[in-house]
There are 2 protein chains.
Amino acid sequence: MTDLLIADVRLGGHAPVDLHVEGGTIAAVVPAGTSRDDAATARRIDGAGLLALPGLVDTHAHVDKSWWGRPWQSYAGEPGVQGRIAHERERRDELGIPSVATSRAVLAEMVRHGTTAVRTHVDVDLGLGLRGLEVVREAAASYDGLRLEVVAFPQDGVLRRPGVMELLDRAAAAGAEHVGGLDPASIDRDPVGQLDGLFDIAARHGCGIDLHLHDGGDLGAFQVELVVERTERLGLQGRVNLAHGFAVAQVDPARRHDLLQAMGALGITMTTVAPLGLPQLPVAELDAAGVGLGLGTDGIRDLWSPYGDGDLLGIARQLARASGLARDTDLQRVVDLATRDGARFVGGTTQDLVAGSRADVVLLDAENPLDALVRTPPRRLVVAGGRVLHDDLS
Amino acid sequence: MTDLLIADVRLGGHAPVDLHVEGGTIAAVVPAGTSRDDAATARRIDGAGLLALPGLVDTHAHVDKSWWGRPWQSYAGEPGVQGRIAHERERRDELGIPSVATSRAVLAEMVRHGTTAVRTHVDVDLGLGLRGLEVVREAAASYDGLRLEVVAFPQDGVLRRPGVMELLDRAAAAGAEHVGGLDPASIDRDPVGQLDGLFDIAARHGCGIDLHLHDGGDLGAFQVELVVERTERLGLQGRVNLAHGFAVAQVDPARRHDLLQAMGALGITMTTVAPLGLPQLPVAELDAAGVGLGLGTDGIRDLWSPYGDGDLLGIARQLARASGLARDTDLQRVVDLATRDGARFVGGTTQDLVAGSRADVVLLDAENPLDALVRTPPRRLVVAGGRVLHDDLS
């Protein structure tokens, strides 16, 4: 019984194939035209020779913060991380943030751009408690097949807001896949204190850690070292991620080499949103050290910034272009980071266009994956776990 | 007699209007629903409440170089300007570059993204002579209403290739609106010699100068000063443009202030392609000094780089975001640079959505111009000089 037959699609420039989907998984990949289209096929979609990519994985989002779908909100905050935090605290209630409706609206934008799996940070603080986590889970449930993991994220600080560490503990107990943190030095003024607390929660509950680290240069690099030390000491190999990690791109090559080697050995990964105006994380150096890299859209149209459109492929292009990548192998590497290799950030299920993989498939009108990356054409079909979430083929 | 009635469109969030077009010009802007739709209206288009923007102006393109529409070309050049030049010389003939077909293909991409006027550099060198100029003029003639100005561009150097200065002179005599130049110091190794030659041509033929200046820091700033001195000496006020001008963004604020003041006083403009990985030209400082700024797409999918999609609004977004602009007035300023204020780079005709302006109009589904900038939605209708060049409304 084939639940879904996606017929006549191309994989990276090769001859067209048919993808057979059963129970949310790719059951078979066969040459186009050789599939028997019989009564056992519940649904058949004609891919019309379009290019197929694995579903995009957004490894760093903030789907709770967005005001997508509401009238334009003029940005009026002060610059800097602290200015943006204050602006958000001041205005979010009147905008009804977080809400199921706005989280659902921004997830819809992500899905129609080909994202089939999301790791999203969700604000946890003294004002909201854990309400945001419930809101986001409920919004994601509207998209059957979409995978979503949450990071309980202390946007307003941890130690500087007594009670937040306990909230993170409760979030982990309630099933949050990861606990987050934020610039332990510059925000909490106590890097050891914040990190010790987060690692303690992760060790006790068996969840992951996904730490926002904007702190740059030596201060940021020092905190990366603190993370490395605790990951090893507590045996949290493969469960820790550094988001942004600008410092890794900023320090000199020798120190970066040492940091990346230590991270790679402990399975500490990184996520980037390919920030404009800052040096990019060097993909080849992370690869050489075995440091997994995920791409993310960051906040989308929220009280931090009016930018963002939910297109993870656009972020991949931005990373590639800002990194000066032009050769085919380098461009393909970025496509893989945005698709196949993103799976490790959302539960690790294999996500590729081969039999046995989760059926996360995106069709678009492109010559090959490199063309898709540099041109980011509209997504024509988006399938997640065998479910059609977006269909612009007809 | 109304040639074209574009009914029910919104201008920047105000009440909907009808745009009456006569003879390529906006004849009247009246409240929506008050236009008499009679036999005197040759064509009526229902704008369905979409947002209207003035046509986008691409002030720095290379439409002769592209391989758009051909199969994917793997990039294989060495890094740096010289490596790219060599790679291009090596492969352009086999790809049939320049050709009317590929120039037309890339112009089509620009037009369907809302560009209604283009200033394009066109390679002039010992191999091609002036053939590229004819090719590009012929390609542009396919798009009735599209304005196009050419810069005769010595991509491979001027003085270092004896005979090229004479080619530029012939190009100016044959009607090229501008002569170009390229890094007089780092490429020709003789900044005074190249600039003196270009300024002599411009003074004799009455054409403009549009100089590529990648040279950074002090070396670039010195060449800006040489340009300023010659502009004043030869009375070429308002006829000189600096493309890229990375040095202006790189030097310290005091020196930048002096450079910009001198440029502003002489009507020397700048064009930028909002390069990723480099500091952006500071819009507010250019405005304060009265230095006009145009935006461009640069090369699109050519032997220099596989990137580029012809979307000038995407470049505007890139400039805004990489500059950290978030407030409404700053975002609107960038929209104006990409549309209304671009007109000075292509002949100076007024280009705004008011009576008396050239009828260059773009419709898109956005709440207001700021929303259009940060989200760059598809262009639904593109009208240039009253001619419909792209229509995705039906």
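Data overview
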{"quantity": "From the options A:R380, A:R358, A:R340, A:R301, residue that is within 27 Å of A:Q73 (Cβ to Cβ), of a type in the set (D, E, K, R) and in contact (Cβ under 8 Å) with a residue 12 or more places away in the chain", "calculated": "A:R301"}
{"quantity": "Filter pass, B:R317 being farther than 18 Å from B:V346 by Cα, within 13 Å of chain A (Cβ to nearest Cβ) and at pLDDT 95 or above", "calculated": "yes"}
{"quantity": "Region B:50-71 - residue that is within 13 Å of chain A (Cβ to nearest Cβ) and either in contact (Cβ under 8 Å) with a residue 60 or more places away in the chain or aliphatic (A, V, I, L, M) (or both) and, of those, surrounded by the most Cβ atoms within 10 Å (Cβ to Cβ)", "calculated": "B:S66"}
{"quantity": "Selection from region B:125-144 of residues that are assigned to a helix (DSSP H, G or I) and over 22 Å from B:G348 (Cα atoms)", "calculated": "B:R131, B:G132, B:E134, B:V135, B:E138, B:A139"}
{"quantity": "B:G277, sole failed condition from (1) more than 24 Å from A:L325 (Cα to Cα); (2) small (G, A, S); (3) without any contact (Cβ under 8 Å) to a residue 12 or more places away in the chain", "calculated": "(1)"}
{"quantity": "Output for region B:251-283, where each listed residue is part of a helix (DSSP H, G or I) and in contact with a Lys or Arg (Cβ under 8 Å, 6 or more places away or on another chain)", "calculated": "B:V283"}
{"quantity": "Criterion: at positive phi, crowded, with 23+ Cβ neighbours inside 10 Å and either in contact (Cβ under 8 Å) with a residue 60 or more places away in the chain or among the acidic types (D, E) (or both) - qualifying residue of A:G114, A:G12, A:G23", "calculated": "A:G114"}
{"quantity": "Residue within region A:267-280 that is more than 17 Å from A:D210 (Cβ to Cβ) and buried (at least 23 other Cβ atoms within 10 Å of the Cβ) present", "calculated": "yes"}
{"quantity": "Matching entry among B:R43, B:R91 (being closer than 29 Å to B:R161 by Cα and basic (K, R))", "calculated": "B:R91"}
{"quantity": "Region A:175-201: number of residues that are surrounded by fewer than 15 Cβ atoms within 10 Å (Cβ to Cβ) and either within 17 Å of A:L126 (Cα to Cα) or not assigned by TED's automatic domain parsing to the domain that holds A:R137 (or both)", "calculated": "0"}
{"quantity": "Those strands (runs of 3 or more DSSP E) lying entirely in region A:18-124 with at least 2 residues farther than 25 Å from A:L337 by Cα", "calculated": "A:25-31, A:41-54"}
{"quantity": "Lone qualifier among A:G77, A:G69, A:G55, A:G33 - being small (G, A, S), at pLDDT below 95 and within 25 Å of the chain's Cα centre (by Cα)", "calculated": "A:G69"}
{"quantity": "Single residue of region B:321-331 satisfying the filter (touching a residue at least 40 places away in the same chain (Cβ under 8 Å) and either more than 8 Å from every other protein chain (Cβ to nearest Cβ) or farther than 21 Å from A:R84 by Cα (or both)) that is surrounded by the fewest Cβ atoms within 10 Å (Cβ to Cβ)", "calculated": "B:D330"}
{"quantity": "Hey, A:G181 out of contact with any Asp or Glu (no Cβ under 7 Å at 6 or more places or on another chain) and over 30 Å from A:A372 (Cα atoms) or not", "calculated": "yes"}
{"quantity": "Of residues in region A:283-312 being in contact with a helix residue (DSSP H, G or I) (Cβ under 7 Å, 6 or more places away or on another chain) and within 12 Å of chain B (Cβ to nearest Cβ), the one farthest from A:L373 (Cα to Cα)", "calculated": "A:L303"}
{"quantity": "Which numbered condition B:G80 fails, given (1) among the small types (G, A, S); (2) surrounded by fewer than 24 Cβ atoms within 10 Å (Cβ to Cβ); (3) away from every other protein chain (no Cβ under 14 Å)", "calculated": "(3)"}
{"quantity": "Matching residues in region B:61-107 - criterion: being of a type outside the set (A, V, I, L, M, F, W, C), under 18 Å from A:V374 (Cα atoms) and in contact with an Asp or Glu (Cβ under 6 Å, 6 or more places away or on another chain)", "calculated": "B:K65, B:S66, B:S74"}
{"quantity": "Residue among B:L370, B:L363, B:L389 that is part of a strand (DSSP E or B) and either within 14 Å of another protein chain (Cβ to nearest Cβ) or touching a helix residue (DSSP H, G or I) at 6+ places or on another chain (Cβ under 7 Å) (or both)", "calculated": "B:L389"}
{"quantity": "Candidate set from region A:229-245 (those that are buried (at least 24 other Cβ atoms within 10 Å of the Cβ) and of a type in the set (A, V, I, L, M, F, W, C)); member that is farthest from the chain's Cα centre (by Cα)", "calculated": "A:V240"}
{"quantity": "Members of region B:181-236 found to be within 20 Å of B:A247 (Cα to Cα), among the hydrophobic types (A, V, I, L, M, F, W, C) and not in a helix (DSSP H, G or I), listed by number", "calculated": "B:L182, B:A185, B:I187, B:I209, B:L211, B:L213"}
{"quantity": "Among (1) closer than 22 Å to B:H62 by Cβ; (2) modelled with pLDDT of 95 or more, the one test that B:D328 misses", "calculated": "(1)"}
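To keep it simple, each residue is scored yes or no on (1) part of a helix (DSSP H, G or I); (2) under 20 Å from the mean Cα position of the chain (by Cα); (3) buried (at least 20 other Cβ atoms within 10 Å of the Cβ).
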residue	(1), (2), (3)
A:L313	yes, yes, yes
A:L337	yes, yes, yes
A:F345	yes, yes, yes
A:G348	no, yes, no
A:G356	no, no, no
A:V382	no, yes, yes
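The values are calculated or read from the model by the stated rules, or taken from the named source; none is laboratory data. Note that this is a predicted model, so its numbers are computed, not measured. Neighbour counts are summed over all protein chains in view; Cβ atoms, including those assigned to glycine, are modelled from backbone coordinates with ideal geometry.
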